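Contents: one structure, followed by commentary.
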Amino acid sequence: MKPASLTLLACCLLASTGSPAQQTDTGSTTLSGFGTLAGVYNSDPNAGFRQDIGQPGEPGRHYNWKPDSRIGVQITHYFSPQLQFSGQMVAKDTSAHAPTDIITRAFVAYRPNEDWMLRVGRLADSTFLMSDYMEVGYSYPWVRPPLEAYGLIGTASFDGVDVQYRLFGSDWRLKLMGGRTQTRLPTPGYPDYHLNARPLRGIALIHDSGEWKFRLGHNQLKLQNAGSVDQQLNAALGPIAGAGIPGVSSEAASYLDSIPLAQAHLRFTSVGVSYDNPQWFMQAEVSRLDSCSKGSSRGYQGYLGAGLHLGTWTPYFLLSRAHASRVQAPEHDWGSASPAQTLALSVINLSRSDQDSISLGIRRELDERSALKLQWDQVRVHDMGWRLWSMAPNADQQGRRLNLITLSLDFIF
């Protein structure tokens with residue numbers, strides 16, 4: 001991306017970050033926006049493509065324009081040099097249909113001096129390298145944030161407060177976050193899961209200056225709601241756990257103890273770095289998702305991408321990996337009770353995201369506000385590793401390769 005484009009983008013993203021990057025008049029209001037129009041071809045229609053697990057996905061289709069397309073509007077009002085309000089609304093394909101779900105940012109920011117900033121309202125989770133701008137396709141070279149690393153983030157905002165401190169007057173910032181988050185996540189074959197997590201707590205160390213960007217982040221949250229299948233699991237496994245059958249009852253009890261989502265803790269940890277100069281760029285990030293519930297995804301994610309700036313053309317490649325916890329295998333023969341065991345194992349194994357991909361693409365700057373991108377992805381999904389995809393009930397969960405071809409137009413206004 002050209003330096004001039006980055007400068008323009010910084011102004012566009014002002015509402016998202018709450019940054020005091022430019023001088024503004026008291027009482028002034030700025031309005032900006034962004035959008036992506038994209039179509040994706042999927043070589044395997046049995047696996048419905050989606051950009052993240054918060055989207056419903058549509059198995060059975062080779063072509064789809066919904067997963068990557070979106071439109072967003074940002075507004076910022078400056079009450080004074082120290083106090084401002086910022087809001088952002090994004091319309092996209094999602095399973096969350098509440099009227100307020102379209103509002104992805106809505107906060108008041110107060111900066112008493114150059115070192116401190118306090119924000120209250122609906123905020124971006126700052127754990128990941130691309131957290132502040134992952135909705136804005138124009139801000140990154142590829143057609144979407146790397147699927148393996150960002151696809152498991154079902155919600156990227158929270159309601160609460162964050163406090164930021166500039167360390168020793170340098171370009172390093174320390175941010176603390178606290179609040180709650182909620183959304184709906186589709187569960188194939190079962191009702192959607194209404195994720196309600198509180199408290200959410202997080203911390204991030206951020207460096208964002210010149211050609212280098214760095215972020216180290218961690219957050220943890222506590223799920224309040226039972227999973228869509230928890231009640232069915234309790235009904236199926238409870239009698240077996242209490243039957244006193246050697247081996248079988250203890251295995252059933254272990255499932256009852258380890259699968260339910262209610263009161264489970266989720267922890268995200270991420271470290272990422274990027275470098276961008278007028279000739280070339282690179283970006284890499286490694287993250288870990290951990291949980292005390294086997295009904296939730298667990299494992300490591302990461303990616304490495306790089307490319308060249310050749311005038312208005314930017315060719316690039318991207319390598320991504322999501323490595324899940326091991327496939328859960330049966331420990332004992334349950335005999336006539338095997339359907340209950342199969343149910344428990346399917347809940348555990350269907351939560352696994354285990355795949356890797358290689359991507360090649362090219363970006364063409366049309367002007368200082370729009371870019372056209374073409375990207376090919378070859379994805380290898382491993383056995384029982386389909387969590388990022390929308391699979392029909394009883395679909396084949398064996399590993400295989402598939403190809404994606406995406407053409408997108410990103411713009412800011």
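Annotation note: Cβ proximity below 7 Å between a residue of segment 63-82 that is open to solvent by 60 Å² or more (accessible area, probe 1.4 Å) and a residue that is acidic (Asp, Glu) (sequence gap 6+ or interchain) occurs for Lys66/Asp93.
Checking the stated criteria, Glu148 turns out to be modelled with pLDDT of 95 or more, out of contact with any Leu (no Cβ under 6 Å at 6 or more places or on another chain) and of a type in the set (Asp, Glu).
Looking only at residues in segment 30-48 that are within 19 Å of Asn394 (Cα to Cα), open to solvent by 10 Å² or more (accessible area, probe 1.4 Å) and of a type outside the set (S, T, N, Q), which one is modelled with the lowest pLDDT? By that ranking, first place goes to Pro45.
Rundown of residues vs (1) farther than 23 Å from Pro141 by Cβ; (2) modelled with pLDDT under 95; (3) open to solvent by less than 60 Å² (accessible area, probe 1.4 Å), yes/no style:
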residue	(1), (2), (3)
Ser325	yes, yes, yes
Trp334	yes, no, yes
Leu350	yes, yes, no
Asp356	no, no, yes
Arg363	no, no, yes
Asp367	no, no, no
Asp377	no, no, yes
His382	yes, no, yes
Ser408	no, no, yes
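Across segment 189-209, the qualifying residues are those that are of a type outside the set (D, E, K, R) and open to solvent by 70 Å² or more (accessible area, probe 1.4 Å), and the one among them that is farthest from Val163 (Cα to Cα) is Tyr190.
Filter segment 268-303 down to the residues that are basic (Lys, Arg) and within 30 Å of Ala235 (Cβ to Cβ), then identify the one that is surrounded by the fewest Cβ atoms within 10 Å (Cβ to Cβ). Across segment 268-303, the extreme among qualifying residues is Arg298. Give segment 176-188 a look and list any residue that's at pLDDT 95 or above and open to solvent by 40 Å² or more (accessible area, probe 1.4 Å), or say none. Matches in segment 176-188: Leu176, Arg180. Within segment 248-281, being part of a strand (DSSP E or B) and over 20 Å from the mean Cα position of the chain (by Cα) holds for Tyr275, Asp276, Trp280, Phe281. For segment 159-175, indicate whether the set of residues that are modelled with pLDDT under 95, surrounded by 15 or more Cβ atoms within 10 Å (Cβ to Cβ) and among the aliphatic types (A, V, I, L, M) is non-empty. So far as segment 159-175 goes, no, none of its residues is modelled with pLDDT under 95, surrounded by 15 or more Cβ atoms within 10 Å (Cβ to Cβ) and among the aliphatic types (A, V, I, L, M). Scanning segment 340-373 for residues that are farther than 25 Å from Arg288 by Cβ and within 22 Å of the chain's Cα centre (by Cα) yields a total of 3.
The values are calculated or read from the model by the stated rules, or taken from the named source; none is laboratory data. It should be emphasised that the depicted structure is a prediction, and the values quoted were computed from it without experimental measurement. A quick note on method: Cβ atoms are made from the backbone with ideal geometry, for glycine too, and the neighbour counts reach across all protein chains shown. Calculation scope for accessible area: heavy atoms of the full protein, side chains included, ligands and nucleic acids excluded. Shrake-Rupley method; radii C 1.70, N 1.55, O 1.52, S 1.80 Å.
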